[in-house]
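Let me begin by presenting the structure, written as structure tokens, before commenting on it.
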Amino acid sequence: MDKNSIIGFVLIFLIMLGFFGYQSRQTSKQKAYQAQLDSIAAAEAYAQWQQDSIWRAEHPEAAAAADSAAAAPQVAVAPVYSDSSLNAASRAEAELITLENDKLEVVFTTRGGQPYSVKVKDYLTYNKEPLYLLQGEKSQLGYVIYAPTAVDTRKFTFQYIAEASSDSTVVMRLPFAGGGYIEQKYTLLKDSYSVNETLSLVGMGHLIPRNVGSVDVDFDAVIPRMEKGYKNETQYSRLNYYFPDDNKPASIGNGRNTEKRFNNNIEWFAFQQQFFSAIMRAPGNFSYGEFKIDFMPKTGDDLMHCRALMRADITPGPERIDLPFEFYFGPNDYKGLKAYGHAYEKVIPLGGKIIGVFTKYVIIPLFDWLSKFISSYGIIILLMTIFIKIVVLPFAYKSYSSSAKMQALKPYMEKINAKYPKQEDAMKKQQETMELYRKAGVSPMGGCLPMLLQMPILWAMFRFFPASIQLRQQHFLWAEDLSAYDDVIHWGTSILGMDHISLFALLMALSMFFYSKITMQQTSAGNDPNAKMMQAMSLYMMPVMMFFICNNLSSGLSYYYLLSNLITMLETWIIRKWVVKPDEILAKVKAAEASGKPAPKSKWQQRLEQAQKMQREMEKQKGKKR
């Protein structure tokens, strides 16, 4: 590997090291912040306990009476409302109604007139249990209507209207004694992950004050854990919100607890787990949004707690006000989400503009097309890797051929290194090296630039595999789930941030090591300590770093990188053996030396010489000042 290629690797290493260092610092800050909150809560609880102890000591009779009352059978006392119908609805028992199609089973509760649970069919959790996006009373969807005081729908039991309901529709109403009612109508669309809702305020024009122009929406959901790796699942889970006509949704989360508030119009928001999402859309847009996301501890069954406090505008006065809402409860499948036409597919992290275009128009179509004919996703990844290698072969050929030419010049390079062993002769050594390159017709950047041009493809695959639901729970060889790590060795205690070893990640790192070792034979570091250090980093640091990065990521990603490295070694061997002929390179150098004519300089070489000349002038100026 030539010096410029090593510099490229080092730059990539430093960028990736900086990124993961930043991620680690952010996680540490979040943990420290959470610990601070826990400490405050503990201190408040302790202070309350002290106050209770003092009160008990000063009022023993009252304390005994309180203990006696607490031990007695408790009778639930419902809040009393001035409206008799609301008063009765606050005490009524709830009823569960189920709607289902081929994709979803949605259970509604009359308590609050809201979804009670949502089961996504045809999918299971990592533990082979039914997959619920929402389950039980952990999640609440409520509306606050000012009529004239605040009426929170979650506090009341609606009446199930059987005659207005059907196999695909459920209608629930909350009547007022003074006339009018709140109606919630849910429709589960056929063969779809969509649920449409219409919140209607009927005959309530006389109850809603004229200065009230909105209804508050509160969607509070606890999303359970569904995948194997907690770290990977939290890293790709977040809360998205989409401004109308924006390029892509903004988000909070990705493993960090945070909150945001906006006074802008918001079309939809999504509680996004790594592979599934619960999305709520307002066709007329929300006029306000407040979002919060908190990730649960690794030891629990729940992944994250998401909350969205929204506001939907209304025009007070009419005897009937209808507010339509749309829900999506399903997988983060690019084609499926795109079919809805509301930019839902943009919740899937596919990279920026350039990388995202390559992923959307090359990687995903190729992946879907191959899956029509091949059932093994390991074979599909192999064929995709071969296809991508063919696409980038023109760039790779320039890089490999440049490296092979460098290897042919190794005897000359060793002579130059021996001629200029001292560090102060570095500029002379570089000039003579550049002269050698000109005679041989070798571009010093020929090995580095083609490699850098391939980086967007590598990054696109880095983004695609962990977010691809097609790989979820797909077996291949020893990997039981290509979307998660393949831990062939697992232990309980974390060591250096690891509690397992992923075999595909280990094999990928070993392939990087051997490839670096093979290509390093083409160049000599001589007595240059910097070159030796870069060789050591390329040989040892890069494989170790990539192992630590990929050990927790998708085994499909590590498998792809392993295949890519093996094919690269094969291409390099073929080019060196049959394409680039060292004898011809050496003959070209000898012919240039015999002619005595200077070889033409490339633009890059001219700029380098100009920079060297400026450097010498600056050194002379410094010498004169001294």
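The values are calculated or read from the model by the stated rules, or taken from the named source; none is laboratory data. Computed from a predicted model, the values in this text were never measured in an experiment. FYI the Cβ positions are ideal-geometry reconstructions off the backbone, even for glycines, and counts take in every protein chain you see.
Restricting to segment 338-375, give me the number of residues that are in contact with a helix residue (DSSP H, G or I) (Cβ under 9 Å, 6 or more places away or on another chain), modelled with pLDDT of 85 or more and small (Gly, Ala, Ser).
Number of matching residues: 3.
Got a sec? Which strands (runs of 3 or more DSSP E) wholly within segment 209-309 have at least 3 residues that are on the phi > 0 side of the Ramachandran plot? Reasoning before the result, please.
On the way: elements: 214-224, 238-242, 250-253, 258-262, 266-272, 276-286, 288-295.
Those strands (runs of 3 or more DSSP E) do not exist here; none qualify.
Among the residues of segment 260-299, write down those that are of a type in the set (Gly, Ala, Ser) and surrounded by fewer than 18 Cβ atoms within 10 Å (Cβ to Cβ).
The initial filter retains those residues of segment 260-299 that are of a type in the set (Gly, Ala, Ser), namely 270, 277-278, 282, 284, 287, 289.
Those that are of a type in the set (Gly, Ala, Ser) and surrounded by fewer than 18 Cβ atoms within 10 Å (Cβ to Cβ): Gly284, Ser287.
In this structure, is Asp302 closer than 24 Å to Pro130 by Cα and either surrounded by fewer than 18 Cβ atoms within 10 Å (Cβ to Cβ) or touching a Ser or Thr at 6+ places or on another chain (Cβ under 8 Å) (or both)?
Working: closer than 24 Å to Pro130 by Cα: yes; either surrounded by fewer than 18 Cβ atoms within 10 Å (Cβ to Cβ) or touching a Ser or Thr at 6+ places or on another chain (Cβ under 8 Å) (or both): yes.
Yes: the conditions hold for Asp302.
Please work out which residue is surrounded by the most Cβ atoms within 10 Å (Cβ to Cβ), limiting yourself to segment 310-333 and to residues that are out of contact with any Gly (no Cβ under 7 Å at 6 or more places or on another chain) and of a type in the set (Val, Ile, Thr).
Filtering first and then ranking leaves Ile321.
Under 6 Å between Cβ atoms, which residue pairs at least 6 apart in sequence (or on different chains) link something in segment 501-520 that is farther than 14 Å from Phe548 by Cβ and touching a residue at least 40 places away in the same chain (Cβ under 8 Å) with a partner that is surrounded by 17 or more Cβ atoms within 10 Å (Cβ to Cβ) and of a type in the set (A, V, I, L, M)?
Leu507/Leu562; Ser511/Leu562; Ser516/Leu539; Thr519/Met1; Met520/Met1
Answer yes if at least one residue in segment 105-114 is aromatic (Phe, Trp, Tyr) and assigned to a loop (DSSP other than H, G, I, E, B), and no otherwise.
Within segment 105-114, none of the residues are aromatic (Phe, Trp, Tyr) and assigned to a loop (DSSP other than H, G, I, E, B).
For (1) closer than 19 Å to Ile469 by Cα; (2) in a helix (DSSP H, G or I); (3) in contact (Cβ under 8 Å) with a residue 60 or more places away in the chain; (4) not assigned by TED's automatic domain parsing to the domain that holds His475, each residue gets a yes or a no:
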| residue | (1), (2), (3), (4) |
| --- | --- |
| Tyr361 | yes, yes, no, no |
| Ile364 | yes, yes, yes, no |
| Ile374 | yes, no, no, no |
| Ile380 | yes, yes, no, no |
| Thr385 | yes, yes, yes, no |
| Ile390 | no, yes, no, no |
| Phe395 | no, yes, no, no |
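So which residues in segment 204-247 are of a type in the set (Phe, Trp, Tyr) and over 21 Å from Leu141 (Cβ atoms)? Before the answer, list the steps.
Within segment 204-247, the first condition is being of a type in the set (Phe, Trp, Tyr), and the residues that meet it are 219, 230, 236, 241-243.
Residues satisfying the conditions are Tyr230, Tyr236, Phe243.
Answer yes or no as to whether Asn257 is under 23 Å from Asn196 (Cβ atoms), surrounded by fewer than 23 Cβ atoms within 10 Å (Cβ to Cβ) and polar (S, T, N, Q). Even if it seems obvious, please write down each step before you answer.
Working: under 23 Å from Asn196 (Cβ atoms): no; surrounded by fewer than 23 Cβ atoms within 10 Å (Cβ to Cβ): yes; polar (S, T, N, Q): yes.
No: the conditions fail for Asn257.
Taking Lys185, is it under 18 Å from Asp216 (Cα atoms), among the basic types (Lys, Arg) and more than 35 Å from the chain's Cα centre (by Cα)?
No: the conditions fail for Lys185.
Among the helices (runs of 4 or more DSSP H) confined wholly to segment 519-591, which include 2 or more residues that are closer than 21 Å to Pro394 by Cα and modelled with pLDDT of 65 or more?
On the way: elements: 529-536, 542-550, 555-574.
Fully inside segment 519-591 and qualifying: 555-574.
Count, please, the residues in segment 310-335 that happen to be assigned to a loop (DSSP other than H, G, I, E, B) and aliphatic (A, V, I, L, M).
Initially, segment 310-335 is screened for residues assigned to a loop (DSSP other than H, G, I, E, B), giving 314-319, 332-333.
Okay, now just the ones that are also aliphatic (A, V, I, L, M), so 314.
So the answer is 1.
Consider Gly213 against the criteria (1) modelled with pLDDT under 85; (2) surrounded by fewer than 16 Cβ atoms within 10 Å (Cβ to Cβ); (3) small (Gly, Ala, Ser): it satisfies all of them except one. Which criterion is unmet?
(1)
Can you confirm whether Arg238 is under 23 Å from Tyr132 (Cα atoms), over 16 Å from the mean Cα position of the chain (by Cα), basic (Lys, Arg) and buried (at least 22 other Cβ atoms within 10 Å of the Cβ)? Spell out how you get there, then give the answer.
Numbers: under 23 Å from Tyr132 (Cα atoms): yes; over 16 Å from the mean Cα position of the chain (by Cα): no; basic (Lys, Arg): yes; buried (at least 22 other Cβ atoms within 10 Å of the Cβ): yes.
Spelling it out, it is not the case that Arg238 is under 23 Å from Tyr132 (Cα atoms), over 16 Å from the mean Cα position of the chain (by Cα), basic (Lys, Arg) and buried (at least 22 other Cβ atoms within 10 Å of the Cβ).
Look through segment 338-355, keep the residues that are out of contact with any Asp or Glu (no Cβ under 9 Å at 6 or more places or on another chain) and not in a helix (DSSP H, G or I), and return whichever of them is surrounded by the fewest Cβ atoms within 10 Å (Cβ to Cβ).
Of everything passing the filter in segment 338-355, Gly341 is surrounded by the fewest Cβ atoms within 10 Å (Cβ to Cβ).
Pick out the one residue from Ala278, Ala250, Ala270 that is closer than 25 Å to Val144 by Cα, out of contact with any helix residue (DSSP H, G or I) (no Cβ under 6 Å at 6 or more places or on another chain) and not assigned by TED's automatic domain parsing to the domain that holds Asp487. Give the derivation first.
On the way: Ala250 fails: closer than 25 Å to Val144 by Cα; Ala270 fails: out of contact with any helix residue (DSSP H, G or I) (no Cβ under 6 Å at 6 or more places or on another chain).
When all the criteria are applied, what remains is Ala278.
Can you pull out every residue in segment 134-159 that is more than 19 Å from Asp322 (Cα to Cα) and assigned to a strand (DSSP E or B)?
Result: Leu134, Gln135, Gln140, Thr157.
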